[in-house]
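To start, the structure under review is shown below, and the notes come after it.
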Amino acid sequence: MALLKANNKIITIALFLLFISCKSKELLESKEVKRYTPEEFTENVRVSGLYFSTNNNKLLYTSDKLGQPAPFHYDFNTNEHTLVHNDSENPIWGLVMYSNNDNLVFTSVKDGGQYPHIYLKEGDFVTDLTPGDKVRATSKGTNREKTGLYYRANTRKPKVFDLHFFDFNTKENKLVFKNETDFSISEISNNNQYVVLFEGLTEESNNLYLHDTKNDSLTLISEKDNEDVYYTAYFSNDDKDFFYLTSHDNEFTYLEKYNIESKQKEVVLKEDWDIMDVIVSGDEKFRIININQNGSPKIKIQDVQKNKYLNVPTLDTLQVTKTCFSNDGKFLAMQVTNYNTPKDIYLLNLETLKAERIVSSLNKQINENDLVFPEDVTLKSFDKLEIPALLYKPKNASKYNKLPGLIWTHGGPGGQFHKTYDEYIQYVVNQGYVVLAVNNRGSSGYGKTFKSLDNQKHGVDDLKDCLEGKNYLQNLDYVNDDKIGIIGASYGGYLSLAALTFYPDEFSVGVDMFGISNWFNVLNNIPAYWETRKKALYAEMGNPKTDSIMLYNKSPLFFSEKIKKPLLVVQGANDSRVPQSESDSIVARVKKNGTPVEYLIFDDEGHGVRKPENKIETLKAIATFLNKYLKDEK
């Protein structure tokens, strides 16, 4: 008997030690990391735009390290970065430097509005080349000789964009193509003879036309009665061939060329994923193929003359989002990102194949190892469709330290979450929330069939995918399964509202950033500059005149009495895509329910929060709101 008691005691001690061992292992695996402030996350530098000076001794780019995005140039000879122009109130992008000095043509928008203008800076003088209250202008890049800039603008009619050319030498604006069609201008040939026109049919299909300005003829490039996408790539230097991307007879987009004289088409290049963009060096020696590889932007560099790819080991670990060739074809400038670093700028020497980082963007106060890698996961939705998602697990999460969860929804609606740096998600994860970013049906990047599955079913089937994401989180042993919220911006904001409205018991809280609450209001008030997209939008979302019942039934505003869980709404007063009235209306009605509602509105923002001080306030508001209702912090 004594021996039995001794054995039981030994077994009990062994089990206790095993329990302690397992718990210690869990605690070791869950790592405490520093909590960073909104200010620290916002102090990351954001860069964009790449452009080489004519003599290749400077690289022009924008950086917001002084507040608003402003142009800097990097001098190859001195390795110095110099501020070229600054506007403390408004962002600058779309840069072009000319005459090998600090003269600039750039794009900017005032007070977060939706009407970008093209500006000329010479010395200390800045001139608006596209004046007018409702004028919207978009840069289309320089001509081959780098003597001027093409741009589209609706100066003649609000709904019509003509093509203009600004001559750097004469300082004259010239109307290159008066657009009398219902299509939008996509590209122009090097000799100015051919203009490519884009006709949107649906969000998954469009037509491309080649307009011959010399003979005033219009040729259909895309297939008749097509259900595919066609995107402009480039013209060959001799203007004999036009290259474009298409998904014709294929799930993913690939590169094809059209011979203008023979009208013959030829497949140039296919990959296992969407080819998102293709650019060539000025001498056509190198071609960059940008591939969306399961949510990671990857590039391949093809030596066109030798028909082989360059072996650049550095590119295996980098996610390249934008590239630009130097005018002599010897260098490639690249915007590079990763899950734990914002966009950096690298220079790749195409002769030595060595890459050098010349701009680092992550705030030095943040340890990149504290940020979380997004894990690829797959959800099985209500109809057994497989839904891709990215799972962010905080490093201190474990079954002994269960954390609240969030379903994150993207905009678009045809957007996609990538494995690139996302300051909003990384901040919230750093604050102790498990995030599942769902690439619901209708998302880009997984083939044209997957992208079309949400057509006329928005807020229905795609929302059910998000609900399945919530079920997925609930089954993770490190998630507090009764503390799960939903958050999103733009169309993602709509999904957050729809979730709280049509599934009022599913989520604990919702965050809506400039999301749609009334589809009638938005679709009946499409901005004039979106006129050419209206047909495609109606085909995907529904026509307010013919699909009124469907649109009514999916608009949260008309069922707002069902919302009973806390709601945070963020809105820009100058948003012309999702007007302030969308947020005003839903906030007012939900308050009548007695439901807790917090409303953050910025007078100097449009569709998105861009100014650093406003981002800080937004991040603070999100954290305070989530902590209050998901962590019960006062």
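From the list Lys545, Lys534, the one residue that fits, being outside any loop (DSSP other than H, G, I, E, B) and without any contact (Cβ under 8 Å) to a residue 24 or more places away in the chain, is Lys534.
Only one of the listed residues (Val359, Val377) is in the same structural domain as Asn471 (by TED's automatic domain parsing) and of a type in the set (A, V, I, L, M, F, W, C). That residue is Val377.
Identify, from the list Ser576, Ser548, the residue that is assigned by TED's automatic domain parsing to the domain that holds Gly493, under 26 Å from Ile92 (Cα atoms) and among the hydroxyl-bearing types (Ser, Thr, Tyr).
Ser576
Only residues that are farther than 30 Å from Glu80 by Cβ, among the hydroxyl-bearing types (Ser, Thr, Tyr) and under 21 Å from the mean Cα position of the chain (by Cα) were counted in the range 360-378, giving 0.
Looking across Leu523, Leu476, one residue alone is among the aliphatic types (A, V, I, L, M), assigned to a loop (DSSP other than H, G, I, E, B) and over 19 Å from Leu626 (Cα atoms). It is Leu476.
Listed here are the residues, each with its yes/no results for (1) of a type in the set (Asp, Glu); (2) over 29 Å from the mean Cα position of the chain (by Cα); (3) over 19 Å from Lys535 (Cβ atoms); (4) surrounded by fewer than 19 Cβ atoms within 10 Å (Cβ to Cβ).
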{"site": "Asp133", "(1), (2), (3), (4)": "yes, no, yes, yes"}
{"site": "Arg144", "(1), (2), (3), (4)": "no, no, yes, yes"}
{"site": "Thr147", "(1), (2), (3), (4)": "no, yes, yes, yes"}
{"site": "Ala153", "(1), (2), (3), (4)": "no, no, yes, no"}
{"site": "Leu163", "(1), (2), (3), (4)": "no, no, yes, no"}
{"site": "Glu172", "(1), (2), (3), (4)": "yes, yes, yes, yes"}
{"site": "Glu180", "(1), (2), (3), (4)": "yes, yes, no, yes"}
{"site": "Gln193", "(1), (2), (3), (4)": "no, yes, yes, yes"}
{"site": "Val196", "(1), (2), (3), (4)": "no, no, no, no"}
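Looking at the structure I just gave you, is Arg136 among the charged types (D, E, K, R) and in contact (Cβ under 8 Å) with a residue 60 or more places away in the chain? Yes.
A single entry from Val570, Val597, Val578, Val590 fulfils the requirement of being of a type outside the set (Gly, Ala, Ser) and touching an Asp or Glu at 6+ places or on another chain (Cβ under 8 Å): Val570. Under the condition of being assigned to a strand (DSSP E or B), hydroxyl-bearing (Ser, Thr, Tyr) and farther than 26 Å from Leu95 by Cα, the residues counted in the range 297-328 number 1. Taken together, Arg136, Arg144, Arg152 contain a single residue that is touching a helix residue (DSSP H, G or I) at 6+ places or on another chain (Cβ under 6 Å), of a type outside the set (A, V, I, L, M, F, W, C) and not assigned by TED's automatic domain parsing to the domain that holds Asp283, which is Arg136. Restricting to the range 379-404, name every residue that is of a type in the set (A, V, I, L, M, F, W, C) and either closer than 16 Å to Leu436 by Cα or surrounded by 20 or more Cβ atoms within 10 Å (Cβ to Cβ) (or both). Leu379, Ile387, Ala389, Leu390, Leu391, Ala397, Leu403, listed by residue number. Looking at Phe76, is it out of contact with any Gly (no Cβ under 8 Å at 6 or more places or on another chain) and more than 19 Å from Ser139 (Cα to Cα)? It is true that Phe76 is out of contact with any Gly (no Cβ under 8 Å at 6 or more places or on another chain) and more than 19 Å from Ser139 (Cα to Cα).
Per the listing Tyr36, Tyr61, the residue uniquely assigned to a strand (DSSP E or B) and either modelled with pLDDT of 90 or more or closer than 30 Å to Ser326 by Cα (or both) is Tyr61.
Hey, any hits in the range 566-578 for a residue that's out of contact with any Cys (no Cβ under 8 Å at 6 or more places or on another chain) and surrounded by fewer than 16 Cβ atoms within 10 Å (Cβ to Cβ)?
Checking the range 566-578: not a single residue is out of contact with any Cys (no Cβ under 8 Å at 6 or more places or on another chain) and surrounded by fewer than 16 Cβ atoms within 10 Å (Cβ to Cβ).
Restricting the range 88-118 to residues that are under 21 Å from Lys134 (Cβ atoms) and among the acidic types (Asp, Glu), the residue that is modelled with the lowest pLDDT is Asp111. Note on the range 295-313: among residues that are out of contact with any Phe, Trp or Tyr (no Cβ under 9 Å at 6 or more places or on another chain) and surrounded by 14 or more Cβ atoms within 10 Å (Cβ to Cβ), the one that is nearest to Pro374 (Cα to Cα) is Ser296.
Please state which one of Asp454, Asp465 is charged (D, E, K, R) and more than 20 Å from the chain's Cα centre (by Cα). Lay out the reasoning, then the answer.
Details: Asp454 fails: more than 20 Å from the chain's Cα centre (by Cα).
The conditions single out Asp465.
Answer yes or no as to whether Tyr51 is surrounded by 19 or more Cβ atoms within 10 Å (Cβ to Cβ) and within 22 Å of the chain's Cα centre (by Cα). In short, yes. The set of residues in the range 112-132 being touching a strand residue (DSSP E or B) at 6+ places or on another chain (Cβ under 9 Å) and either under 20 Å from Ser53 (Cβ atoms) or among the acidic types (Asp, Glu) (or both) consists of Ile118, Tyr119, Leu120, Lys121, Glu122, Gly123, Val126, Asp128. Within the range 213-268, if we keep just the residues that are under 21 Å from Phe177 (Cα atoms), out of contact with any Leu (no Cβ under 9 Å at 6 or more places or on another chain) and among the aromatic types (Phe, Trp, Tyr), the residue that is surrounded by the most Cβ atoms within 10 Å (Cβ to Cβ) turns out to be Phe235. Mind listing just one residue for me: the one in the range 344-374 that is touching a Lys or Arg at 6+ places or on another chain (Cβ under 7 Å) and within 29 Å of Cys466 (Cα to Cα) and, of those, surrounded by the most Cβ atoms within 10 Å (Cβ to Cβ)? Going through the qualifying residues, I end up with Pro374.
Test Val135 against the stated conditions and say whether it is closer than 24 Å to Asn86 by Cα, in contact with a strand residue (DSSP E or B) (Cβ under 7 Å, 6 or more places away or on another chain) and of a type in the set (A, V, I, L, M). Spelling it out, Val135 is indeed closer than 24 Å to Asn86 by Cα, in contact with a strand residue (DSSP E or B) (Cβ under 7 Å, 6 or more places away or on another chain) and of a type in the set (A, V, I, L, M). Only one of the numbered conditions (1) within 22 Å of Glu386 (Cβ to Cβ); (2) surrounded by 24 or more Cβ atoms within 10 Å (Cβ to Cβ); (3) out of contact with any strand residue (DSSP E or B) (no Cβ under 7 Å at 6 or more places or on another chain); (4) hydrophobic (A, V, I, L, M, F, W, C) is violated by Ala499, and that is (3). Can you say whether Ser24 is modelled with pLDDT under 90, under 22 Å from Glu613 (Cα atoms) and small (Gly, Ala, Ser), as far as the supplied structure shows? When the stated conditions are applied, Ser24 does not pass them. Among the candidates Asn440, Asn396, Asn401, Asn480, the residue that is among the polar types (S, T, N, Q) and within 24 Å of Trp519 (Cβ to Cβ) is uniquely Asn440. Of all positions in the range 508-520, at least one carries a residue that is surrounded by 19 or more Cβ atoms within 10 Å (Cβ to Cβ), assigned to a helix (DSSP H, G or I), within 25 Å of the chain's Cα centre (by Cα) and at pLDDT below 95.
The values are calculated or read from the model by the stated rules, or taken from the named source; none is laboratory data. Fair warning: this is a prediction, and the values are worked out from it, not measured in the lab. FYI the Cβ positions are ideal-geometry reconstructions off the backbone, even for glycines, and counts take in every protein chain you see.
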